[in-house]
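S.K.: Encoded as structure tokens, here's the structure I'll be asking about.
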């Protein structure tokens, strides 16, 4: 349906004058964004009935009347609006408006810094978010103004009950509706990994219902502001400060043949880390790669990296052999937070750190009583999110784990 440009602008003017609601039920799960490169962003929303929307964006600190506008098509209920020509390392506000003046939440996003720049970067992360649980940890993260991006490390919703495409779309509508979740998704650039619950529990590529996988993957991509068209694994860079290596630890898995990620993905990861010029190199991993010396964790080995020990050792040894510094894993899935060495002394991975984060809004795992020194420095089952503040001038990364009430559970510094 063609929408007259004047109708859009008239609706926007009416909204600005207070004649229509500031945030409409037309946009039930708010807005989100994703930056790729110093001057580009994707602005996202889900609309219930509109077929086209006006997209407005403006530099933070300027009045909304200074906004740039363009029209975007709503496809399958969602919008992925591409914006180019932005200023690097600059925060923008944005919103969507229907032809009759119904407005979305106002979102916020900071573009990436110039390619070779060394500037401070702060990234947040959590995992495992279920809509039946309080999302106060997410709400607290949403109040921060220092986050350049936020990472969801898998189990972004729990869609296990879904069978049809309509079921999955309904699960996403419900799963993202929490006030804290909605606020956090609108507050900064998002990076999302999938794990199993976006489709159903413990699926892997060699034993999965193909229809449910197709529907689960489609709706996961539909509800993220930035996901690739091809392989789910990719690299994102914030100047020369940090490279993020996003792994797909689910859809290439073939445990019967010792494959946790494809050989192509494993080779890509090692080579990208080897050639990275970034001071910090964070590997985003939906399921922990660390070993846990407890019989309790052996019960879950079939669904984590320990189910493919030869490939795990090969990847870890390959990463250590690169000689790269500032390499750390960020992982989710286990419903508790830990900080420690990937492996005990003398084994592949003993020189690498892993930071397990979350749950963001889920039942805690009682297992944090088991990880202990010398391999582990910290463990907690309280709902949480973590921040990773990288300061190039000091060559340090400060890691903090936060409760929903703002209290800090753990804090430490790690050199590049």
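The values are calculated or read from the model by the stated rules, or taken from the named source; none is laboratory data. Nothing here was measured: the structure is a model prediction, and the numbers come from that model. Cβ placement follows ideal geometry from the backbone for every residue including glycine, while neighbour counts extend to all protein chains displayed.
S.K.: In the range 143-157, how many are surrounded by 22 or more Cβ atoms within 10 Å (Cβ to Cβ) and over 14 Å from residue 125 (Cβ atoms)?
M.R.: Matching residues across the range 143-157 total 1.
S.K.: A follow-up question, please. Quickly run through the range 235-245 and pick out the residues that are in a loop (DSSP other than H, G, I, E, B) and either without any contact (Cβ under 8 Å) to a residue 60 or more places away in the chain or touching a strand residue (DSSP E or B) at 6+ places or on another chain (Cβ under 8 Å) (or both).
M.R.: Once the filter is applied, which keeps residues that are in a loop (DSSP other than H, G, I, E, B) and either without any contact (Cβ under 8 Å) to a residue 60 or more places away in the chain or touching a strand residue (DSSP E or B) at 6+ places or on another chain (Cβ under 8 Å) (or both), the range 235-245 yields 239, 241.
S.K.: Looking at the range 355-365, can you tell me whether even one residue there is buried (at least 17 other Cβ atoms within 10 Å of the Cβ) and either within 26 Å of residue 119 (Cβ to Cβ) or outside the structural domain of residue 320 (by TED's automatic domain parsing) (or both)?
M.R.: yes
S.K.: So if I check each of 68, 26, 73, which one is closer than 24 Å to residue 174 by Cα, free of Cβ contacts under 8 Å to residues at least 24 places away in the same chain and in the same structural domain as residue 105 (by TED's automatic domain parsing)?
M.R.: 73
S.K.: If you go through the range 194-208 one residue at a time, do you hit one that is touching a helix residue (DSSP H, G or I) at 6+ places or on another chain (Cβ under 7 Å), at positive phi and at pLDDT below 95?
M.R.: Yes, the range 194-208 contains a residue that is touching a helix residue (DSSP H, G or I) at 6+ places or on another chain (Cβ under 7 Å), at positive phi and at pLDDT below 95.
S.K.: Scan the range 246-254 and give yes if some residue there is under 23 Å from the mean Cα position of the chain (by Cα), more than 26 Å from residue 149 (Cβ to Cβ), assigned by TED's automatic domain parsing to the domain that holds residue 386 and in a helix (DSSP H, G or I), otherwise no.
M.R.: no
S.K.: I need the full set of residues from the range 50-63 which are in contact (Cβ under 8 Å) with a residue 40 or more places away in the chain and either surrounded by 14 or more Cβ atoms within 10 Å (Cβ to Cβ) or within 24 Å of residue 220 (Cα to Cα) (or both), in order please.
M.R.: Matches in the range 50-63: 50, 51, 52, 53, 54, 55, 56.
S.K.: When residues of the range 167-217 are filtered for being surrounded by fewer than 20 Cβ atoms within 10 Å (Cβ to Cβ), under 19 Å from the mean Cα position of the chain (by Cα), touching a residue at least 40 places away in the same chain (Cβ under 8 Å) and in a helix (DSSP H, G or I), how many remain?
M.R.: The number of residues fulfilling the criteria is 4.
S.K.: Pick out the one residue from 323, 346 that is modelled with pLDDT under 95, surrounded by fewer than 21 Cβ atoms within 10 Å (Cβ to Cβ) and either outside the structural domain of residue 181 (by TED's automatic domain parsing) or at positive phi (or both).
M.R.: Only one candidate qualifies: 346.
S.K.: Against the condition in contact with a strand residue (DSSP E or B) (Cβ under 9 Å, 6 or more places away or on another chain) and over 29 Å from residue 235 (Cβ atoms), how does residue 186 come out, does it pass?
M.R.: no
S.K.: A further question follows. Which of the residues that make up the range 77-87 are more than 15 Å from residue 29 (Cα to Cα) and either surrounded by 17 or more Cβ atoms within 10 Å (Cβ to Cβ) or touching a residue at least 60 places away in the same chain (Cβ under 8 Å) (or both)?
M.R.: If the condition is that a residue be more than 15 Å from residue 29 (Cα to Cα) and either surrounded by 17 or more Cβ atoms within 10 Å (Cβ to Cβ) or touching a residue at least 60 places away in the same chain (Cβ under 8 Å) (or both), then 81, 83, 86 are the ones that fit.
S.K.: Moving on. Give me the residue from the range 218-234 that is under 15 Å from the mean Cα position of the chain (by Cα) and part of a loop (DSSP other than H, G, I, E, B) and, out of that set, modelled with the lowest pLDDT.
M.R.: 228
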